[in-house]
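Where a number appears in this text, it was derived from the coordinates with a stated rule and is not lab data. All of these numbers come straight from a predicted model, not from anything done at the bench. Please note: Cβ atoms are built from the backbone with ideal geometry, for glycine as well, and neighbour counts cover all protein chains shown.
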Amino acid sequence: MIYGISVEDGIPQEKMRTRQELGDSFVMLSDVHGEAGGLYAGMAKPDLHHPATYVIGKDGTLKYEFVGGNYSIRPAAQAVLDAVKADADESL
């Protein structure tokens, strides 16, 4: 399951459009108080707006973490896919 978590209050229209463009392939959540992100060490505080990507394994442990310095820095898609595949292989 893929979740998009925004620290903004509510789900802004532009994020909903992105979700629709991707074919509703993920669930969009609002985490204004940073409660979900606070579960993982590298999560930026809600007021910093640093994009973060996490892969959480089926066992609930952090398998991959990327926190960008600003909104334009994102992880390589292949790195995220590799982490997902590695977790899937571990689960077999």
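Figures for the structure shown
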quantity	calculated
Net charge contributed by nearby residues that have their C-beta within less than 14 Å of THR61 (K/R +1, D/E -1)	-2
Integer Hz, Karplus 6.51/-1.76/1.60 couplings in order for the range 55-62, x for Gly and Pro	10, 9, x, 4, 8, x, 9, 6
Extension gain from ASP31 to LYS63, taking 0.36 nm per residue of separation minus the Cα-Cα distance	9.4 nm
Shape category assigned to the range 51-92 from the gyration tensor of Cα positions, a/c cut at 1.5	oblate
